[in-house]
Structure formats: structure tokens, C-alpha cells
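Comments concern the structure below.
The values are calculated or read from the model by the stated rules, or taken from the named source; none is laboratory data. Predicted model only: the values in this text are computed from it and were never measured. Virtual Cβ from ideal backbone geometry, glycine too; neighbours counted across all protein chains shown. Protein only, heavy atoms only, side chains kept; ligands, DNA and RNA dropped before computing areas. Shrake-Rupley method; radii C 1.70, N 1.55, O 1.52, S 1.80 Å.
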Amino acid sequence: MRLSRYFLPVTKETPADAQIVSHKLMLRAGLIRQTAAGIYAWLPLGLRVLNNIERIVREEQDKAGAIELLMPTIQSADLWRQSGRYDAYGPEMLRIVDRHEREMLFGPTNEEMITAIFRDAAKSYRDLPRTLYHIQWKFRDEVRPRFGVMRGREFLMKDAYSFDLDEEGLRQSYEAMFVAYLRTFARLGLKAVPVRAPTGPIGGNLSHEFHVLAETGESQLFYDAALEDFSRQELLSADKFTIARLTDLYAMEAEEHDKVARCPVPSDQLRTRRGIEVGHIFAFGTKYSESMGLSVQTKEGETVHPHMGSYGIGVSRLMGAIIEASHDEGGIVWPEGVAPFKLGLINMRADDPACTAASDRLYAQLEEAGVELLYDDRDERGGAKFATMDVIGLPWQLIVGPKGLEKGVVELKHRATGERQELSPESALARLTS
Ligand code: 5CA
């Protein structure tokens, strides 16, 4: 992609209304644009990142055996009356009336809808266990939308729902999702701490939140320092034993911690940090299958209500969380897996025919080799180009300048470490395509 033809509204000024660094950088780097309170347009560069996050989330859901479908954003009030949540949900629900005066709503979550869909199709034990998921926009009319996409009103969520014959089955489905979450966050370059959570309005008995540690997080956490010791590799290859080790360790939100009579962690082992909740899983049993009349026949001919769980990931919130966890004075530092492009190619002198010819050639070769790159071919000062590349945070920068070309070299810069290396265009190409 040539920057001269792209749509990338980068700004130097720090937007006044943004309080936290991820929100500032998302605006400055031209990733998003606010269109109404808590509602954002995803600009081309931001959309590429969102799609990358979504892809990793999807791959790990699929790997865990969950099956993707897509439910609509608009739901009928009647569906929510079946579970009794229509009145209970309160002002966070955006209620809509259609032309026939039918009450509708913009879905804040999908327990009711998935239960109804499953209820009308599942008849016997052969139809279970199943975990279904979708990645869809939600709307919650938050009292205080803030921090950009971190607490939006419209936001993208992955929500999965499991159906099992009994409690033991539900425990296994819950564990499979737990593993998927550990892998997902590790692949996104994040350290996410699982915290035992109170279940709140979704109801039920077993629940964990996954928090990315960041000073700007909305939740105050208390946890055993040993939770920080799990390596990326351990999390990527997590199994039920990893979960047992992780969940054995103390981790609580402040309100819950305050209720604990005696904290089991010695004070020098106890960490107090703030966290951003990027995922939340619930095992709630038969709450919705009972209220919505979902039942199936067991092998023995008995009629039972399936045990259910629901599993959410804040896909759009993750973008803010990743930036909170990975940035420097220059701007964003994208982890490789989610970066909008792998490489930024900088032509230092668009007014110099030799420099432009060499840059154009590299651009064509890299495109040909399938490297995703953004080519700064604009007629601008070098300093401005560096600043742009730094703020948008692509993992690699390849800098082509007249002085280097005289020596037969270009410069490869690693965004995360700032390390620079001079090498021939051919070796640069080999390095970037290997
Ligand atoms: N039905 C369940 C799980 S599928 C559920 O809705 N859980 S939730 O309320 O915890 O939301 C799941 C995830 O969505 C949260 O962990 C959080 O990462 C994200 N999320 C929730 N509210 C917002 C919001 N206003 N803005 C951005 N992300 C949000």
C-alpha cells in the first residue's frame, strides 16, 4: 500500500478529550474516529488491527472445538421476556420500537437468542455437548463511556455459549474455553491474569475474568505474585493442569478481596495492580435452559435441562489493552501478530530519482513476496516520515536514503528495540521474506 494513496489521518497533536495513552494513540495514529459518545468508526489502519485480533480469537475458538455462527445485532423484546431479563436489564439496554410498534433492542449479549436457537434444534444427548460462538457488535448504553474503545457503547465482542448434559460436561467445556483464552491472550502478546469473579447479572456459580495488567485499568486487583511467572510458552501449551495451577493461586478484584477474612497470600507475595478486563467466562448451569424451556432426552430417556456457560472476549477493547501494554514515547509498538502491516518502507527523498527508483523496486519485490507493507512514498521531510512510522508502530521499518544507496545499503529498524542495521537491499529482502 502506498501511503500517498492511503487514508491515514495521523495527527501530531494530542487530542484534548483523551485521558489514557491508548486512546490518545488510537486517535493520533488514525485508527479510529469518534462519531458519537462511545461510538467509533474504524479507519482503515484500525480495521486491519481489529481484523487481526478477530482472526486470532477465531482461530483459538475453532481450535477449542467451538462452532462459529452469526446472530443479528437486533433482537426482539419478547425473547428477553422469556428469561425475565427484559425488565431486569435496566437503562443499559438500548430499546427500539419498529414501525409496527414492536419492541426491539440492540443486543448487549446473546444468552437468550442462542438458547432459543439451540432449543428449537436440539432434541437428545446426541446433540450435546456443543459450543457455539459469534463475533458481533454489541450495544450497552454505558453511563460513562470512556477511554475510547475501552469502554464504548458500541463494541465488538466474541461470545461463546456451551451446552452440556451435566455439570461435569460443563466443567470440561469451561476448561476448554479457559485454555483457549490463555492461548489467545498469549498470541496477542499479552499477559492476562485470570481472576476469580463474582458472577453478577449473568448469574451462576463459576466465573473468571481475564485482566491485562495496566495502570489505567478500571479494576483494582490483588493476586499472588506467582501468577506473573507463567511463561508465554507455558500459556501457549496450556492444558487442564496449567489451569489447575493458575486457578489455585489467589487472585481477586478489590471488592472481593476486602470480603476475605484472611488473605492466604503472605504480604510480600501479594501484588496490587490495576487491570483491564479483556475476557469473562461464566458457568451458570441451567439458569437459561430452565427459564427458556430448553430440554433434551438423555440416553436413559430422561428429560434434562442442559448445563450452560457463556464466554466473552472484548475484541475491540483488546486493541486499547494491547496499546496500553505495548507503546513508548514514539507511539504504538504492535506485537507482530496484530500489526496492521509488518513493515513500513520509507523513501527518504521522493524528489531524488535514484532513491525513488530503489524504493519502488523494493516495494514491488516485497509486495511480490507477500510481505504486508506500507510504503511512505510521499514528498515529505524524512523527520515527519519517521514520526509517522513510529506512531503507527509497525514492527519493522526499512529506510532507503541517498547516502546509504551510495554505499549500496538500506537501513532496517526494529520498532520495539530501536535497533538499526545497515544491509544490502538484497539481504534486507531476504530477511523480511524469510
Ligand atoms: N454474555 C457474557 C459472556 S459471553 C458477557 O456479556 N460478558 S461481559 O459482560 O463480561 O462482556 C464480555 C467482555 O466484553 C468483557 O470482558 C469486556 O472485555 C467486553 N466489554 C464489556 N463491556 C464493554 C464495553 N462497554 N466496551 C468495550 N468492551 C466491553
What does the accessible area per residue of the range 319-421 come to in Å², with a 1.4 Å probe and no ligands, DNA or RNA counted? 41 Å²
So what is the orientation-averaged projected area of the range 188-255, using the convex hull of its C-alpha atoms, in nm²? 5.4 nm²
23 Å Cα-Cα threshold exceeded, pairs from Lys63/Lys240; Lys123/Lys158; Lys63/Lys191: Lys123/Lys158
Given the candidates Ala121, Ile32, Ile56, the one whose Cα lies deepest towards the positive end of the charge dipole of the chain, counting +1 at each Lys or Arg C-beta and -1 at each Asp or Glu C-beta, is Ile32
Given the peptides 240-251, 417-428, arrange them by the average over their residues of other C-beta atoms within 10 Å, most packed first. 240-251, 417-428
Please get the size of the charge dipole for the chain, origin at its Cα centre, with Cβ charges of +1 on Lys and Arg and -1 on Asp and Glu, quoted in debye to the nearest 20. 640 debye
Inter-label distance for Arg274 and Ala416, nm, one decimal - labels placed 7 Å from Cα along Cα-to-Cβ: 2.5 nm
Could you tell me which of rounded, prolate or oblate describes the range 343-433, using a ≥ b ≥ c as the square roots of the eigenvalues of the alpha-carbon gyration tensor, with rounded for a/c under 1.5 and, failing that, prolate when a/b is larger than b/c and oblate otherwise? rounded
The extension gain from Asp78 to Gln19, computed as 0.36 nm times the residue separation minus the Cα-Cα distance, is 17.2 nm
Taking the Cα centroid of the range 37-95 and of the range 234-290, what is the distance between the two, rounded to the nearest whole Å? 24 Å
Per the helix-only model, the chain has a calculated mean residue ellipticity at 222 nm (DSSP H runs of ≥4, -39500 (n - 2.57) each, divided over all residues, rounded to the nearest 500) of -10000 deg cm²/dmol
Given the Cα-Cα distance of Lys191 and Ala364 and 0.36 nm per residue of separation, how much length would full extension add, in nm? 58.6 nm
Simple spin-label model, 7 Å along Cα-to-Cβ: Glu101 to Glu256 in nm? 4.6 nm
Protection proxy ranking, peptides 132-139, 308-315, average beta carbon neighbours within 10 Å, highest first: 308-315, 132-139
Express in nm, to one decimal, how much length is gained between Thr247 and Ala354 on full extension, taking 0.36 nm for each residue of separation and deducting their alpha carbon distance. 32.5 nm
Show me the trypsin sites (Lys or Arg not before Pro) within the range 261-329 that DSSP assigns to loop and that have at most 12 other Cβ atoms within 10 Å of their Cβ. Arg262, Lys299
Karplus-derived 3J(HN,Hα), 6.51/-1.76/1.60, for each residue of the range 5-16, Hz, glycine and proline x: 10, 8, 10, 9, x, 7, 10, 7, 6, 7, x, 5
Give me the one-decimal nm value for the distance between modelled label points at Ala88 and Ile67, 7 Å along each residue's Cα-to-Cβ direction. 2.8 nm
What order do you get for 96-104, 144-152, 61-69 when each peptide is scored by the mean count of other beta carbon atoms within 10 Å, highest first? 144-152, 61-69, 96-104
